[in-house]
Amino acid sequence: MDGLLLETEVLWQRAEARLFSRHGAEFTFDDKLTVMGTSAAFTGEFFARRLGLPADRASSLIREVSDLMLGELRAQVDARPGAVELVKRLQGRLPLGLASNSPRFLIDAALKGAGFSDAFDAVVSSDDVARPKPAPDLYLLACERLGVAPADALALEDTTSGIAAAKAAGMACIAVPQFAETDVSAADRVIDSLEELLAEA
């Protein structure tokens, strides 16, 4: 979802920058690359270290940045190039699932804001599994709910963590990286935009 279907990475960066500013620090692009696509646990621990706070503050930092992100999503969320058209093209032709490391309340707000509320046959969040990406659990559960074998499914991903999760689940994976610095070498194919898939859909 984040950074693949929706232009939410800029919103996350804004929320994360505000979080760091509250704690007297600057959120850098390197920080962004470090946490992008990772689990809440990893991100919270990283934030605590970067901000010089005790490790037991990790959970509260995640709650704080999530609240900031919810405000961003309620204000505006846009789709990535080709996302709306691709989803509309595939709806009713193939079972569509969304597997995100975000919590359910942020997924629901993001999909509603972008007009994707009824677009997917299965939506799986970090609330639904014990191990988020890069573990395969999210993708395995999404496939189970769609009634599709992982070997017959295709994942679209924009992060290193997401690609690792898809491949560990036994899925083919197309990478659509938003940032050139993202390591997408484990993907089966790399494209510049979802618009490239419209000609093939």
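The values are calculated or read from the model by the stated rules, or taken from the named source; none is laboratory data. None of these values were measured; they are calculated from a predicted model. For neighbour counting, all protein chains shown are included, and Cβ atoms are generated from backbone atoms with ideal geometry for every residue, glycine included. The accessibility values were calculated without ligands, DNA or RNA, using every heavy atom of the protein model including side chains. Shrake-Rupley method; radii C 1.70, N 1.55, O 1.52, S 1.80 Å.
If you scan the stretch 158-201, which residues turn out to be open to solvent by 10 Å² or more (accessible area, probe 1.4 Å), in contact (Cβ under 8 Å) with a residue 60 or more places away in the chain and out of contact with any Ser or Thr (no Cβ under 8 Å at 6 or more places or on another chain)?
The answer is 178, 179, 181, 193, 195, 196, 197, 198, 201.
If you scan the stretch 8-32, which residues turn out to be open to solvent by less than 50 Å² (accessible area, probe 1.4 Å) and touching a residue at least 40 places away in the same chain (Cβ under 8 Å)?
Within the stretch 8-32, 8, 9, 11, 12, 15, 16, 19 meet the criteria.
Which condition number in (1) farther than 15 Å from residue 101 by Cβ; (2) touching a helix residue (DSSP H, G or I) at 6+ places or on another chain (Cβ under 6 Å) is the one that residue 155 fails?
Evaluating residue 155 over (1) farther than 15 Å from residue 101 by Cβ; (2) touching a helix residue (DSSP H, G or I) at 6+ places or on another chain (Cβ under 6 Å) leaves (1) as the failure.
Are any residues in the stretch 97-106 open to solvent by less than 20 Å² (accessible area, probe 1.4 Å) and polar (S, T, N, Q), and if so, which ones?
100, 102
Can you tell me how many residues in the stretch 39-76 are over 17 Å from the mean Cα position of the chain (by Cα) and open to solvent by less than 10 Å² (accessible area, probe 1.4 Å)?
3
Might you let me know whether the stretch 116-125 holds any residue that is on the phi > 0 side of the Ramachandran plot and either outside any helix (DSSP H, G or I) or surrounded by 14 or more Cβ atoms within 10 Å (Cβ to Cβ) (or both)?
No, every residue in the stretch 116-125 fails to be on the phi > 0 side of the Ramachandran plot and either outside any helix (DSSP H, G or I) or surrounded by 14 or more Cβ atoms within 10 Å (Cβ to Cβ) (or both).
If you go through the stretch 140-198 one residue at a time, how many are part of a loop (DSSP other than H, G, I, E, B) and of a type in the set (A, V, I, L, M)?
Number of matching residues: 12.
Considering the stretch 109-124 alone, what residues qualify as being at pLDDT 95 or above and either of a type in the set (D, E, K, R) or touching a Pro at 6+ places or on another chain (Cβ under 6 Å) (or both)?
Listed by number, the list holds a single entry, 121.
Inside the stretch 80-96, can you point out the residues that are surrounded by fewer than 18 Cβ atoms within 10 Å (Cβ to Cβ) and either small (Gly, Ala, Ser) or not in a loop (DSSP other than H, G, I, E, B) (or both)?
Those that are surrounded by fewer than 18 Cβ atoms within 10 Å (Cβ to Cβ) and either small (Gly, Ala, Ser) or not in a loop (DSSP other than H, G, I, E, B) (or both): 84, 85, 88, 89, 90, 91, 92, 94.
List the helices (runs of 4 or more DSSP H) inside the stretch 6-71, counting only whole elements, that have at least 2 residues being of a type in the set (Asp, Glu) and modelled with pLDDT of 95 or more.
Qualifying helices (runs of 4 or more DSSP H): 29-35.
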